[in-house]
Amino acid sequence: MAIFLFSDFGASDLYVGQVEAVLDRYAPGVRVIHLLNEAPRFDPRASAHLLAALAAGLGRGHVVLGVVDPGVGTDRAGVVARIDGRWFVGPDNGLFSVAAARAAARGYWRIVRTPPGVAATFHGRDVFAPLAAAIAAGDFPNENVAPVSALAVEFGGEERAEVIYVDHYGNAWTGLRGKGRARDRLLVVAGHTLAHAHVFGEAPAGTAFWYENSSGLVEVAVNRGSAASVLGLAVGTPVAWA
């Protein structure tokens with residue numbers, strides 16, 4: 001079993017290390033794998049679509065510690081979810097709801113008790129990390145949770161017709177799934193109409209196109225360039241089929 005960290009903490013900031021230290025304290029020897037620490041900041045909805053695509057490639061039994069939590073310290077709940085054999089721990093703000101809506105099997109536990117000394121602004125370290133570690137160590141369910149029938153916030157499993165992530169190449173991932181899309185379809189984004197290419201090398205250098213990426217999502221790219229810069233794209237930019 002491994003713990004996969006998915007967050008908007010920033011890969012170069014100090015928060016990830018603090019979370020890892022707690023995981024090591026409560027589940028020593030368990031692998032911690034950084035799935036992504038540059039998730040769309042303050043944006044559980046976009047992050048939920050991205051996480052659903054990434055989690056589909058994880059083995060069953062693993063734990064995802066997911067923290068995109070702009071409501072930290074408010075009355076929003078925390079949750080543990082078991083979705084198609086994978087565990088998810090984090091805020092109950094919709095972050096896990098897209099994966100859950102697309103799943104064949106799911107179960108939920110509300111976090112009802114937190115450790116003493118919890119920092120109001122760092123539940124990822126003080127609330128969610130200890131529970132993720134407990135699952136990895138085989139100590140779950142425990143007195144800190146109670147079963148519930150549904151998530152508090154549900155975004156549904158439908159596709160999201162907008163950019164949900166921009167990687168460091170400037171490629172723009174969308175919330176549209178690529179499977180079954182006719183390759184002659186045209187994609188409209190930021191006033192540009194793009195044709196399909198199977199791989200980057202099929203498009204001339206500097207040309208924008210869409211393709212199905214390795215996580216199964218429709219992605220906008222520019223061969224040997226940045227689609228974000230060339231087309232003016234950011235998280236939230238709408239996309240549509242022509």
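Based on Cα contacts under 8 Å between residues 6+ apart, the chain shows a relative contact order of 18 percent. Derived scalar couplings between HN and Hα for the range 17-26 equal x, 5, 5, 4, 4, 5, 4, 5, 5, 9 Hz in order, rounded to whole Hz, by the Karplus curve 6.51 cos²θ - 1.76 cosθ + 1.60 (θ = phi - 60°), x for Gly and Pro. Note on the chain: GNM, Cα springs under 10 Å; of ALA190, ALA77, ALA227, the largest mean-square fluctuation is that of ALA190. Remark: the range 2-148 carries a charge dipole of roughly 420 debye about the Cα centre, counting +1 on each Lys and Arg Cβ and -1 on each Asp and Glu Cβ. Here the Karplus relation 6.51 cos²θ - 1.76 cosθ + 1.60, evaluated at θ = phi - 60°, turns the backbone of the range 52-60 into coupling constants of 4, 5, 6, 5, 4, x, 8, x, 5 Hz, with x for every Gly and Pro. Projecting the Cα positions of LEU233, SER7, GLY175 onto the charge dipole of the chain (unit charges on Cβ atoms of Lys, Arg, Asp and Glu, taken about the Cα centre) puts GLY175 furthest along the positive direction. Within the shell defined by Cβ-Cβ distances under 9 Å, the residues around ALA105 carry a net charge of +1, with Lys and Arg each +1 and Asp and Glu each -1.
Distant-in-sequence amide contacts of GLY216, defined by a placed amide H-H separation under 5 Å and a gap of 5 or more residues or a different chain, comprise nothing.
Think of the chain as a dipole: +1 on every Lys or Arg Cβ, -1 on every Asp or Glu Cβ, centred on the Cα centre; then among ALA221, PRO141, ALA77, PRO141 lies furthest on the positive end. Enumerate by residue number the trypsin sites (Lys or Arg not before Pro) in the range 169-242 meeting two conditions: DSSP loop (anything except H, G, I, E, B), and at most 14 other Cβ atoms within 10 Å of the site's Cβ. Passing sites in the range 169-242 are LYS179, ARG183, ARG185, ARG224. Need the C-alpha centroid separation for the range 1-55 versus the range 71-99, integer Å. After rounding, the separation between the Cα centres reads 13 Å.
None of the figures in this text is laboratory data; all of them are computed from the coordinates on show. As the structure is a computational prediction, the values presented were derived from the model and not from experiment. Glycine gets a Cβ as well: all are built from the backbone with ideal geometry, and neighbour counts include every protein chain shown.
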